[in-house]
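In what follows, a structure is listed as structure tokens, so that the remarks can point back to it.
The values are calculated or read from the model by the stated rules, or taken from the named source; none is laboratory data. Computed from a predicted model, the values in this text were never measured in an experiment. Neighbour counts are summed over all protein chains in view; Cβ atoms, including those assigned to glycine, are modelled from backbone coordinates with ideal geometry. Ligands, DNA and RNA are excluded from the accessible area calculation, which covers all protein heavy atoms including side chains. Shrake-Rupley method; radii C 1.70, N 1.55, O 1.52, S 1.80 Å.
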Amino acid sequence: MLERGYLINQCLNSTTFFTISQMLLSNFQFRRRIYYVMKRIFFLIVLLYTFTANAQNTISPYSIFGPGEIQNKGLGATLGLGGAGIALKSGSQINNMNPASYIGIDSSKIIAEFGMEGKSYNLKTSTQSQNGFTANFKYLALGFRVTPWLSSSLGIVPFSSIGYSIQQQSYIEGIDAQYTSVYNGSGGISQFYIGNAIKITKNLSFGIHASYMFGPLTQDENIAQTSYVPELQITRQDFLRSLYFDYGLLYSFSKKQMDYSFGLTFSNKQSLKSNHHLNVYDGTYSNIRSEEFETDYLTVPLIIGAGVSVKKANKYNVLLDYSFQKWSGIEYPIQNDQFTNSHSVSLGVEFNPWEKRVLNTFYKNWDYRVGFNYKSSYLKFGSSVVRGGSFSFGAVVPLPGRISEMNWGFEIGSNGTNTNKLMTENYVLFQVGFSLNEIAFVKRKFD
């Protein structure tokens, strides 16, 4: 007779990880299973690192400011939901927007997720317009239950991205003559995180992310030669290597066949350490100046997020998020522009109009998603604050075997303004993600 039992039921002491390792290694089948899963995950991490180390996920001139364009948090679970998910509990998919959400991961599974995105854009000023397309590997994550009261996740996600090319005419001080500078920026900050969620009570969980921030931020300034100015190329690079922490709470309860969740996230103002390189080359590409020093001028502000979820099982889930970033008072040494506090509101709905059945037409077993987002960024030019909004939609598609899932989503949005000689970015963003569920912590016995 085939019996199934969970391998980790009562691991409630401070040596949890060592206890689990001994239990798993005592069984040959489990040892092979874990080795197989971890080998695939290691390969994917190496592959993703290759893509993300120099990934350029934006083409916006606004990414010249601060740490670059801050990327939206969220994996496949929030695709199509307008970026909402602070109160969304992880289940068969990982939700990294709130580390406390990992407590919802199934105790018998290891979940591996990865995703990609493509972006078609139009950049427009009052006098010029430019179209283009970018595509990148987006994220990789792993989630699993450790004990009945502890769940974990680890992964690599983008934190910010830089990608721009700007031409500027400047006057030479003291004379009526101009020179041309071309600024090119690339790179971004990648985030390798390890997150843990702890069940405090039946309804309340607490989570923490410990992250390692890494990646190059590069700015090249090319000055064209004139009668008064020599040809120069100035390269500024920051090689980031710093720790970063953020925290979360999630409170959930059920009443009258409805599930309610409330989420809260927090991260304090933190300075990121980097190794700064400055190199200046003349017209013959000879290095005429070189500097290298440690710095922590790259600053990430205090961030607070709150969210609510109202769910009726197999019918719908409504999510509403608000996020605040305290950028006012933060200064960067080579930027004179004033930063302002940032606000964001997201609304998302996941629903299925049909009852799920094995014999259904395929689309009747999908979960559908729609979402809206509005944000005012931390960039302020005179009296103009850079604002943006988007509409998104997508679906969750069960894969063969009904254990794993594919997520796809479209986002149609706009950022910026054409007033005060600024720029508007209109875009269509497509994302696809896969959530692969491995049955790993189930033991089979044959009598």
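Can residue 386 be described as β-branched (Val, Ile, Thr), out of contact with any Asp or Glu (no Cβ under 9 Å at 6 or more places or on another chain) and over 28 Å from residue 137 (Cβ atoms)? When the stated conditions are applied, residue 386 does not pass them. The set of residues in segment 101-111 being in a strand (DSSP E or B) and open to solvent by 20 Å² or more (accessible area, probe 1.4 Å) consists of 109 alone.
Can you report the number of residues in segment 141-151 which are assigned to a strand (DSSP E or B), of a type outside the set (Lys, Arg) and open to solvent by 10 Å² or more (accessible area, probe 1.4 Å)? Number satisfying all stated conditions: 2.
Just to be sure, is residue 328 loosely packed, with under 14 Cβ neighbours inside 10 Å and of a type outside the set (A, V, I, L, M, F, W, C)? When the stated conditions are applied, residue 328 passes them. Looking at this structure, is residue 90 assigned to a helix (DSSP H, G or I) and either touching a residue at least 40 places away in the same chain (Cβ under 8 Å) or of a type in the set (Gly, Ala, Ser) (or both)? Judged against the criteria, residue 90 is not a match. Among all positions in segment 334-343, there is at least one residue which is within 19 Å of the chain's Cα centre (by Cα) and either under 26 Å from residue 66 (Cβ atoms) or part of a strand (DSSP E or B) (or both).
Against the list (1) in a strand (DSSP E or B); (2) more than 23 Å from residue 436 (Cα to Cα); (3) among the aliphatic types (A, V, I, L, M); (4) under 23 Å from the mean Cα position of the chain (by Cα), the condition residue 385 fails is (4).
Considering (1) at pLDDT below 90; (2) open to solvent by less than 60 Å² (accessible area, probe 1.4 Å); (3) among the polar types (S, T, N, Q), the lone condition that residue 373 does not fulfil carries the number (1).
For segment 270-325, residues that are outside any strand (DSSP E or B) and surrounded by fewer than 17 Cβ atoms within 10 Å (Cβ to Cβ) total 8.
Inclusion of residue 155 among residues that are closer than 22 Å to residue 123 by Cβ and either open to solvent by 60 Å² or more (accessible area, probe 1.4 Å) or within 22 Å of the chain's Cα centre (by Cα) (or both) is not warranted. The C-beta contact set for segment 335-348 (first residue open to solvent by 40 Å² or more (accessible area, probe 1.4 Å), second residue among the basic types (Lys, Arg) and modelled with pLDDT under 85, distance under 9 angstrom, 6+ apart or interchain) comprises 337/380; 338/380.
This table checks each residue for (1) open to solvent by 80 Å² or more (accessible area, probe 1.4 Å); (2) on the phi < 0 side of the Ramachandran plot; (3) out of contact with any Leu (no Cβ under 9 Å at 6 or more places or on another chain); (4) at pLDDT below 90.
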site	(1), (2), (3), (4)
36	yes, yes, yes, yes
43	yes, yes, yes, yes
65	no, yes, no, yes
71	no, yes, yes, yes
120	no, yes, no, no
124	yes, yes, yes, yes
130	yes, yes, no, yes
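Please tell me if residue 263 is in contact (Cβ under 8 Å) with a residue 24 or more places away in the chain, at positive phi, part of a strand (DSSP E or B) and touching a strand residue (DSSP E or B) at 6+ places or on another chain (Cβ under 6 Å). It is false that residue 263 is in contact (Cβ under 8 Å) with a residue 24 or more places away in the chain, at positive phi, part of a strand (DSSP E or B) and touching a strand residue (DSSP E or B) at 6+ places or on another chain (Cβ under 6 Å).
Of all the listed residues (356, 364, 380), the sole one being charged (D, E, K, R) and crowded, with 17+ Cβ neighbours inside 10 Å is 380. Inspection of segment 421-444 identifies no residue that is part of a strand (DSSP E or B), among the small types (Gly, Ala, Ser), over 30 Å from residue 111 (Cβ atoms) and in contact with a Phe, Trp or Tyr (Cβ under 9 Å, 6 or more places away or on another chain).
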